[in-house]
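To start, the structure under review is shown below, and the notes come after it.
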Amino acid sequence: MSLLFYSAVTALVLTFLLTPLFVKFLIRIQILDKGGRRKIHKGRIPSMGGLIVFLSFLFAILLWQPSVLFDNNRFLLAAMILMAVTGIRDDIAPLPPFLKLLVQVVTALIAVVVLTDVRLISFYGLFGVYELAPWLSYIISIAFILFVTNAFNLIDGIDGLAGTVALIGLAFLSIWFYSIGDTGSAVFLICFAGAILGFLYYNWQPASLFMGDTGSLVLGFVIAVFTLKFILFNGALHASSSYKFHAVLSAGLAVVLLPVFDTTRVFLLRILEGRSPFLPDKQHLHHAIVRKVGLHARATRWIAGVYFLSAAVIMFVSWMNWLPEWALLLAILLFLLFVNQYVRRLLKQLSKH
């Protein structure tokens, strides 16, 4: 456990100390995010903060777990670099959406699903389905990685939200992988969590730095891949294991519950309104909550708190094996429908004022 602590602290301290210098550099070269239109911040705030997060993570992982260059995680590290480069290019000058998506598909397919074989291989008895055909496994896994990657990008709309949600997921996954003996994955994740924690000091309201696509793309990508790995490893554990979450798919969904719910909800609303699901608007959960409570910090605490409690309940029910997979997924769906109705009602009330 001391290895996790030192790894996290190294990444945290590096990010904390280097970020002020990086902010000055970004201001000098005018890498700034302008407010207006669908954005709810004012003024010009330095973006591309995800780069300092990634560099701090990289230094910490190479210092404390150099074997990452020789095990399967090296392919993931290469994929993260490709995602970071794509994000940097997009933060400097927006890439065409098709090209951005193409890079993500290639990265997910070659660097992750094929070379590391991190993919969904079973429905674990849901609908009577166990082993998936390889072609279906690849399609579902790539779609999941793409969706979660971009979902984290989309929830990065108010100060501190994406980083706080990711921090919760990264911390849980790191501790779980360490508990089952996968120290490499645990250190990999805790280094990223430490770097995010150091960054949040500057990203919390009032934010002096945004993570930009450089950060949100890499963040979403890492969470997506390790959620798949969590499902894969958890599904392989014996039922008697103390670390087994018996509703395997529900436990995996709990890790990415907020970004998946919010993005799915907004996409469906746009389609029902006859608009492109990719057309930006202010119907996201964080837009409604920040208008209700008035402050980014308060909205982030509220949303992250509900996410944490919801995920914790799902994990606990899955760990205790109180409900079969289908029943727990149904309960999650009903809960999310309730939250959706609350947000719709809230948006209607706010639109009258």
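Give the relative contact order (percent, whole number) for the chain; include only Cα pairs under 8 Å separated by 6+ residues. Don't skip to the end; give the middle numbers.
Numbers: 498 pairs, mean separation 78.7, N = 353.
Relative contact order for the chain comes out at 22 percent.
Between Leu32 and Lys282, what's the calculated FRET efficiency when r is the beta-carbon distance and R0 is 25 Å? Round to 0.05. Don't skip to the end; give the middle numbers.
Numbers: r = 22 Å, r/R0 = 0.86.
That pair, Leu32 with Lys282, gives E of 0.70.
Keeping all protein chains in place, calculate the accessible area per residue for the stretch 17-163 (probe 1.4 angstrom), answer in Å². Write out the running numbers ahead of the final one.
Details: 7480 Å² over 147 residues.
It amounts to 51 Å² per residue over the stretch 17-163.
If you count only protein heavy atoms and use a 1.4 Å probe, how large is the accessible surface of Tyr201, to the nearest 10 Å²?
Here the accessible area works out near 150 Å².
Any idea how many Lys pairs in the chain come in under 29 angstrom at the alpha carbon, given 8 or more places apart or on separate chains?
Close lysine pairs under the 29 Å cut-off: 28.
So, taking all protein chains as they sit and a 1.4 Å probe, how much accessible area belongs to Ile92, in Å² rounded to tens?
110
When ranked by the protection proxy of mean other Cβ atoms within 10 Å per residue, highest first, what sequence do the peptides 296-304, 331-339 form?
Working: 296-304: 19.9, 331-339: 13.8.
Descending mean neighbour count gives 296-304, 331-339.
Give me the net charge of Leu269's neighbourhood, meaning all other residues with Cβ under 14 Å from the Cβ of Leu269; Lys, Arg count +1, Asp, Glu -1.
Values: positive: Arg265, Arg270, Arg275, Lys282, Arg344, Arg345, Lys348; negative: Asp262, Glu273, Asp281.
Here the charged neighbours net out to +4.
Evaluate the relative contact order of the stretch 1-159 (contact order divided by residue number), counting alpha-carbon pairs under 8 angstrom at least 6 apart; express in whole percent.
Relative contact order of the stretch 1-159: 18 percent.
Tell me, what is the FRET efficiency for Tyr130 and Val313 to the nearest 0.05, using R0 = 22 angstrom and their Cβ-Cβ distance as r?
Values: r = 27 Å, r/R0 = 1.22.
Computed FRET efficiency for Tyr130 and Val313: 0.25.
Lys and Arg at +1, Asp and Glu at -1: add these up for the other residues within a Cβ distance under 13 Å of Phe233 and post the number. If you can, show how the numbers build up before the last one.
Numbers: positive: Arg119, Lys229, Lys244; negative: Asp117, Asp182.
So the environment of Phe233 carries a net charge of +1.
Using only Cα atoms, locate the centre of the stretch 78-117 and the centre of the stretch 121-140, then give the distance between them in Å, rounded to an integer.
Each part's Cα centre sits 26 Å from the other's.
Under 15 Å from the Cβ of Phe188, count the other residues' Cβ atoms, weight Lys and Arg +1, Asp and Glu -1, and hand me the total.
Working: positive: Arg74, Lys229; negative: Asp71, Asp182.
That works out to 0.
Kirkwood hydrodynamic radius (Cα pairs, Å) of the chain?
Numbers: mean 1/r = 0.0484 Å⁻¹.
Taking the inverse mean of 1/r over all distinct Cα pairs, the chain comes out at 20.7 Å.
What part of the accessible area of the stretch 79-200, given as a whole %, is carbon or sulfur when the probe is 1.4 angstrom? Provide the component values of the computation, followed by the final result.
Working: 3550 of 4670 Å².
That fraction is 76 percent.
Determine the calculated [θ] at 222 nm for the chain from helices alone, applying -39500 (n - 2.57) to every DSSP H run no shorter than 4 residues and normalising by the residue count; nearest 500 deg cm²/dmol.
-23500 deg cm²/dmol
Based on the inverse mean of 1/r over its pairs of different Cα atoms, what is the Kirkwood hydrodynamic radius of the stretch 64-146, in Å? Display every interim value, and only then the final one.
Numbers: mean 1/r = 0.0699 Å⁻¹.
Over the stretch 64-146, the inverse of the mean reciprocal pair distance is 14.3 Å.
Amide H of Asp33: which non-local residues (sequence gap of 5 or more, or other chain) have their own amide H closer than 5 Å, using H built in the peptide plane?
Residues meeting the criterion, in which the H sits 1.01 Å from N, are Ile45, Ser47.
Ratio of the stretch 220-270's C-alpha Rg to 2.2 N^0.38 Å, to two decimals?
Values: Rg = 13.2 Å, N = 51, 2.2 N^0.38 = 9.8 Å.
In units of the 2.2 N^0.38 Å rule of thumb, it is 1.35.
I'd like to check one number: the per residue accessible area of the stretch 215-323, probe 1.4 Å, reported in Å² as a whole number. Could you put the intermediate results ahead of the total?
Numbers: 4370 Å² over 109 residues.
Counting only protein heavy atoms, the per-residue value for the stretch 215-323 is 40 Å².
Using only Cα atoms, what is the ratio of the radius of gyration of the stretch 1-143 to 2.2 N^0.38 Å? Let's see the in-between values first.
Working: Rg = 19.2 Å, N = 143, 2.2 N^0.38 = 14.5 Å.
Taking N as the residue count of the stretch 1-143, the ratio is 1.32.
Give the accessible area for Glu273 in Å² (nearest 10); use a 1.4 Å probe, count only protein heavy atoms, and leave out ligands, DNA and RNA.
Counting only protein heavy atoms, the figure is 100 Å².
Based on alpha-carbon atoms only, what is the radius of gyration of the stretch 228-353 relative to the globular estimate 2.2 N^0.38 Å? Don't skip to the end; give the middle numbers.
Working: Rg = 16.9 Å, N = 126, 2.2 N^0.38 = 13.8 Å.
Against the empirical 2.2 N^0.38 Å value, I get 1.22 for the stretch 228-353.
The values are calculated or read from the model by the stated rules, or taken from the named source; none is laboratory data. These numbers were taken from a predicted model, which means no experiment stands behind them. All Cβ positions, glycine included, derive from the backbone under ideal geometry; neighbour counts span all protein chains shown. SASA here: full protein model, heavy atoms, side chains in, ligands and nucleic acids out. Shrake-Rupley method; radii C 1.70, N 1.55, O 1.52, S 1.80 Å.
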